[in-house]
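Here the structure comes first, spelled out in structure tokens, and everything after it is commentary.
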Amino acid sequence: MGRPEEVHKALENGRALLDKLPYPERPENHFVVDPDKWDFYAMDTYRIVGEDQLAKRNAEEVIRRSVTPEGFVISPMRSQEAQLTLAVIAARKGDIEAANALGIEALQSGRQSLPSLLMVGNELAHELETYGPGAGAEFRALLRETIARR
């Protein structure tokens, strides 16, 4: 870690390789590479190395692809993690209200993949804590409740 330029280059090389493959007929089959997951994995990677603009771009794309034109969420767990990524980015920029609201919305969504939500939720809690004990208190309380229910 600590080498975001190399991370970016590796992700771009991976995207170029993936783009050469035909789109799978049944991407819901997890034994087939799902190109839509690329933005999801890149989002996580960019967030972790602090490349917030790239993480934001990928998070917004994940959210866009998670919703049908009719507004039905077809990938709720990916969408929730993307919302948490946007919350982490908002916290890093000092927008505590947006970070708190996005974080709460993600944790209150129905279907959950707790391991990944807790990982990103803890990242958000850490970012919020840098602004003092009261920053994002509602989100942090909900995160503690979510952990306790596990």
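Coordinate-derived values only; no laboratory data. Note that the structure is a prediction, hence the values are computed from the model and not measured. Using ideal geometry, Cβ is built from the backbone for each residue, glycine included, and neighbour counts are taken over all protein chains shown.
What's the number of the condition G110 fails, among (1) over 22 Å from I48 (Cα atoms); (2) without any contact (Cβ under 8 Å) to a residue 12 or more places away in the chain?
Result: G110 passes all but (2).
Would it be correct to say that E61 is among the charged types (D, E, K, R), over 10 Å from the mean Cα position of the chain (by Cα), crowded, with 18+ Cβ neighbours inside 10 Å and part of a helix (DSSP H, G or I)?
Details: among the charged types (D, E, K, R): yes; over 10 Å from the mean Cα position of the chain (by Cα): yes; crowded, with 18+ Cβ neighbours inside 10 Å: no; part of a helix (DSSP H, G or I): yes.
Judged against the criteria, E61 is not a match.
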